[in-house]
Structure formats: structure tokens, C-alpha cells
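Down below is the structure, laid out as C-alpha cells.
Throughout, read-outs are computed from the coordinates displayed, never taken from laboratory work. None of the values given here were measured: they were computed from a predicted structure. With ideal geometry, Cβ positions are generated from the backbone for all residues, glycine too; neighbour counts draw on all protein chains shown.
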Amino acid sequence: MQGTGNDFVIIDAQKEKVPINLNEFSRKIADRHFGIGCDQVLIIDKSEKADFKMLIFNNDGSEVEMCGNGIRCLAKYVYGKGLTNKKQLEVETLAGIIKPKIIGNSIKVDMGEPKFKTEDWIFEEEKYINKKLNLNGLDFNVTLVSMGNPHCVIFVDEITDELVTQIGSKIENYKSFPNRINVEFVKILNKNELRMRVWERGAGETLACGTGASASAVAAMLNNLTKRKITIHLLGGDLQIEWADDNHVYLTGPAEFVFEGNF
């Protein structure tokens, strides 16, 4: 499946027997030359406290907490396959219980509340908003936001390949981010729109990132650059993000089946 170009191999562990070592298994499956190929592998399993449980593995085999595009695909999968008749779901993830809702051809996800102080970065400030980050003599103004997983958002005049692939990979592994970090490069178009490219930890550049889009929207709003409900243009398509009065971030976008098969 794919959500705005962020692509996933989905496996239902409720009926398929999956290997014990999911890290190595996912790395093999995600290999675009010797496996199937994807940004992330999503494992659906039973949950004792929600409708389903979602495990997420990057294409390098590392497990991550949350994926906004992935959970939209999971919601469409379980509903489309008749695994549930609910259009409002609760899904257990490492980031907590996430609630996607199917609305026509789109899925709206309650991404929860953004966090600004976590163990994912080593800075003393309660909020790291528009502050300097020095990378090999280069200074970048960054805003750090967690949407269950860590994000470093950088506002730029123009988003270049060099920024994304070279600077993004270096910031991912920066010493102050012990668990590595996702990096978003953002250009503000107007108060209602922004453009974003993302370097995802453990996956490299992807066509979209739902948690990254959510974090970028929050960062833009914290820096008074946009309104509280905006459209984000990614390489793989558009997402709508709202940071609502209840302090929750809501992400709306598509999810599509691409193909099925046996491996």
C-alpha cells in the first residue's frame, strides 16, 4: 500500500506466521532489489487494549514508534479486508493508542498531542524552538517536535537535494539525538500552505512522512508562520494538518492498495 507515495508492505500476523527476528525479516522484505521493496514494513497483530496493534519497521530493519501514512494504510487495509466494520479505530503503537477514522476516500488520524521535551534529544530547554544547531561549522535554526517519534524541522528559502540527502543524513545522526531523528526541510508558501521534504531515520528520503508533516505543521504554527489548519505539499502528494483547540494534531490524507502477493 501507499499513502502519498510513502510505501508499505503490510503483513497480517493474526493469520500469517512471521519470523521471531522481525528486524532482519523486515530488512529483507524492504530491500527493493532482493525483496519486495518499501519504506516500512507494517505488522498487524492482536491487541489487548485496542482494535489492532501495529508494529513498524524501517527498511534498515530498525523499529520505530509511529507512522502517520502507515496508520492510514492500516486503517484502510483492516476495513477493506473485512477485519473490522468500524470506521473509527483504535490502534496500539509504541507511541500509544492512535485513532484513525475513515471518511470517504480519506483517512483522518488523531495523531495526539505534540511534545517538546523528550529523551530523544539532549538539550536543557523545555522547548527547542527556532534555536541554533551547529553542524560542522554550519548553523541551522531548528525546531524540535515529537509526534511519538522525534523530528527536527528546518525552515529554508529553497529545499535542495543537497540539503535533504547530505545535511539530512548528518543531522539524523547528530550527537544530541541518541535515538537518531527525522529531519524535515520546509518552505513556507503562504499562511495556508507549505512545502516539505523529509529525511527519515532508518529509511532515507521518502516521498512523504505523516508524523513529519504533523511536526512541520506544529513547528510552523509555533513560529507564527501559518494558520492552525494547513495543506502540506510533499513529493508524493498533499496532506491536510490541523492543530486543534484540544491540542491534538489531526492528519487527513489518502491511502491506496497497490498490489498483493506471496513471498
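For this structure, a couple of remarks:
- Using alpha-carbon coordinates, inclination of helix 210-222 to the longest axis of the chain, degrees: 30
- If only the Cβ of Lys and Arg carry +1 and only the Cβ of Asp and Glu carry -1, the dipole of the range 131-247 around its Cα centre is close to 300 debye.
- Relative to the dominant Cα principal axis of the chain, helix 68-80 is inclined by about 20°.
- Radius ratio Rg over Rh of the chain, counting only Cα atoms, Kirkwood formula for Rh: 0.95
- Charge tally for Val164 (other residues, Cβ to Cβ under 9 Å; Lys, Arg +1; Asp, Glu -1): -2.
- The relative contact order of the range 2-110 comes to 22 percent, based on Cα pairs under 8 Å that sit 6 or more residues apart.
- Across the range 131-247, the relative contact order, built from alpha-carbon pairs under 8 Å that are at least six residues apart, equals 21 percent.
- Note on the range 58-151: with charges restricted to the Cβ of Lys and Arg (+1) and Asp and Glu (-1), its dipole about the Cα centre is near 740 debye.
- Fluctuation leader among Ile167, Ile107, Ile97 - the chain, Gaussian network, Cα springs under 10 angstrom: Ile167
- Hits among lysines - C-alpha to C-alpha of Lys132 under 21 Å, sequence gap 8 or more where chains match: Lys115, Lys117, Lys170, Lys175, Lys187
- In a reduced charge model with +1 at each Lys and Arg Cβ and -1 at each Asp and Glu Cβ, the chain shows a dipole moment near 480 debye about its Cα centre.
- Estimated 222 nm signal from helices in the chain, with DSSP H stretches of n ≥ 4 weighted -39500 (n - 2.57), rounded to 500: -4500 deg cm²/dmol
- Between the range 146-173 and the range 234-263, the alpha-carbon center distance in angstrom: 20
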